[in-house]
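Asker: Quick one: this structure, given as structure tokens, is what I'll be asking you about.
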Amino acid sequence: MKLSDLARSCAAQVIKVQGDAQVLRPFMDSREKMQDGLFFCISGARFDAHDFAEQAVKNGASALVVERLLPLDIPQILVKNVRAAFGPMSAELYGHPARQMKMVGLTGTKGKTTSSYLIKAILEAAGMKVGLIGTTGNMIGSTFLHGDMTTPEAHHLQGLLRQMADEQVQAVVMEVSAHAITMHRVDGIVYDVGCYTNLSQDHLDYFETMERYFEAKKAFFTQGYVKRAALNVDDDTTAKILRDIQIPYLRFGICTNADLYARDIEISESGVTFRLCKGGEERMVRLQLTGIFNVYNALTAAAAALSLDIGLDQIVQGLESVRAVPGRAEMLDIQTPYKVLLDYSHSPEALENILTAVRDFTRGRVIALFGCGGDRDHGKRPMMGEIGGRLADFCILTSDNPRNEDPYDILASIEEGIRHTDGQYTVIENRREAIRHALLMAREGDMVVLAGKGHETYQEIRGVKRPFDEKVVVRELLEEIRQDKPAK
């Protein structure tokens, strides 16, 4: 595509075009080799890519997108905001693949991943080939693709959507993080349906206040990203969205009047049964995922499917087909007299939800193992300590991803909260040793909850990601324990 044609297609952001050139692919890393690439000079918190434009030119860039014209002999598009131009221009360069598929986007603090898997299963029950983009990775049908961000950067996202469209994917289900909305990663996409799950404390290291965090989520439904909405009306913040929304919407919930709702809910260790009700129609659902939060996830998925005109019978078929979601209330198959459950709960409300859920059906003790991530929201650490101390019979405080922080400083903050409870606990910084301790102390009927890592297969310590797959670690430790060998 010629730079001048690209500028005309994204005229809302363009101030001036200086020169012309053929451009093939967008990129934002000046170290990347990109012949005839269009380099976007994005200004971030730590770096200003305008300073690296010359390196990008040496690596093949044939033109630049800038917020200030640079003294380089190369065509440039001057725009109001490079980030805001990145998505629409990337979409244009990749031929707007999202327009060739049904697009479903999910935003909210919790439930996005599980809900996305449930929606994917429903759409597949309806006969569609489905793509998935989210925290646990990306998928085309049953094929997994690499992914390391909940919502990829705009150029990677558009490239992935192009791949999906070329492989005849008919619908894409994707998680849309608050970061992605504020950083314009999904600009250039209009979703056929957008889902709102809930809001609770998380990511305040970035957003600073809950109000700013909420406003990022709300923007998804009020600034042209979504054609139709599916909203959880049991969450208090939904009323603020409904006040300003100007698109058709479907309300779902358990506790309030809603267009779609669940009743006669029964929770067990093996799953949840409930009646799914829409108008005068009802269907019994036998979900293989447990916990009241998974009823909400099922309602989210059902509401999205109804918004795409999929019938209740196919919705139930899809919901009931999902046996597990990676790292989300995932019961490990380990053949022990106690249970071990893996969950990604790394925020206060998520930890409270999973511990409350397992408390309902655990015959013995609930043993909770958790920590908090480094370089992230410090305020949630004592909150999570208090929740663990209140809801678990015994807590093991350990490292999550300490990143660049001293792990013992993180653990001390968690202890501030747990000390305000009567809960018993110990501190074992080494996560492998902490898991070993949990397995050794567990007895018949107990439930060991490994919280925080979920699907992740690494620990990030001092800027280095080291292999750490808790499913593998648990199997190895059980083998060591059975053979009475010391831990490695």
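The values are calculated or read from the model by the stated rules, or taken from the named source; none is laboratory data. As the structure is a prediction and not an experimental result, all values here were calculated from the model. Reconstructed Cβ throughout: ideal geometry from the backbone, glycine too, with neighbour counts over all protein chains shown.
Asker: For the range 43-58, check the following and say yes or no: at least one residue is within 25 Å of residue 213 (Cα to Cα) and either buried (at least 17 other Cβ atoms within 10 Å of the Cβ) or acidic (Asp, Glu) (or both).
Answerer: Scanning the range 43-58, I find at least one residue that is within 25 Å of residue 213 (Cα to Cα) and either buried (at least 17 other Cβ atoms within 10 Å of the Cβ) or acidic (Asp, Glu) (or both), so the answer is yes.
Asker: Which of the residues that make up the range 370-410 are under 24 Å from residue 440 (Cα atoms), assigned to a helix (DSSP H, G or I) and in contact with a Lys or Arg (Cβ under 9 Å, 6 or more places away or on another chain)?
Answerer: Of everything in the range 370-410, those that are under 24 Å from residue 440 (Cα atoms), assigned to a helix (DSSP H, G or I) and in contact with a Lys or Arg (Cβ under 9 Å, 6 or more places away or on another chain) turn out to be 385, 389, 391.
Asker: Hey, among the residues in the range 81-125 that are touching a helix residue (DSSP H, G or I) at 6+ places or on another chain (Cβ under 6 Å) and in a strand (DSSP E or B), which one's farthest from residue 215 (Cα to Cα)?
Answerer: 104
Asker: Moving on. Quick check, is residue 236 at pLDDT below 95, surrounded by fewer than 23 Cβ atoms within 10 Å (Cβ to Cβ), farther than 24 Å from residue 125 by Cα and charged (D, E, K, R)?
Answerer: yes
Asker: Additional query: Does residue 72 qualify as being surrounded by fewer than 24 Cβ atoms within 10 Å (Cβ to Cβ) and either without any contact (Cβ under 8 Å) to a residue 40 or more places away in the chain or assigned to a helix (DSSP H, G or I) (or both)?
Answerer: Yes; evaluated as a whole, the condition is true for this residue.
Asker: Given the conditions (1) buried (at least 22 other Cβ atoms within 10 Å of the Cβ); (2) within 19 Å of residue 348 (Cβ to Cβ); (3) not polar (S, T, N, Q), and given that residue 205 satisfies all but one, which numbered condition is not satisfied?
Answerer: (1)
Asker: Here are some conditions: (1) buried (at least 17 other Cβ atoms within 10 Å of the Cβ); (2) without any contact (Cβ under 8 Å) to a residue 40 or more places away in the chain. Residue 7 meets all but one. Which one does it not meet?
Answerer: Condition not satisfied by residue 7: (2).
Asker: So, residue 30, is that one closer than 22 Å to residue 184 by Cα and hydroxyl-bearing (Ser, Thr, Tyr) or not?
Answerer: yes
Asker: Moving to a separate point now. Look through 403, 443, 432 and report the one residue that is surrounded by fewer than 21 Cβ atoms within 10 Å (Cβ to Cβ), closer than 22 Å to residue 461 by Cβ and touching a residue at least 60 places away in the same chain (Cβ under 8 Å).
Answerer: Being surrounded by fewer than 21 Cβ atoms within 10 Å (Cβ to Cβ), closer than 22 Å to residue 461 by Cβ and touching a residue at least 60 places away in the same chain (Cβ under 8 Å) holds for just one of 403, 443, 432, which is 403.
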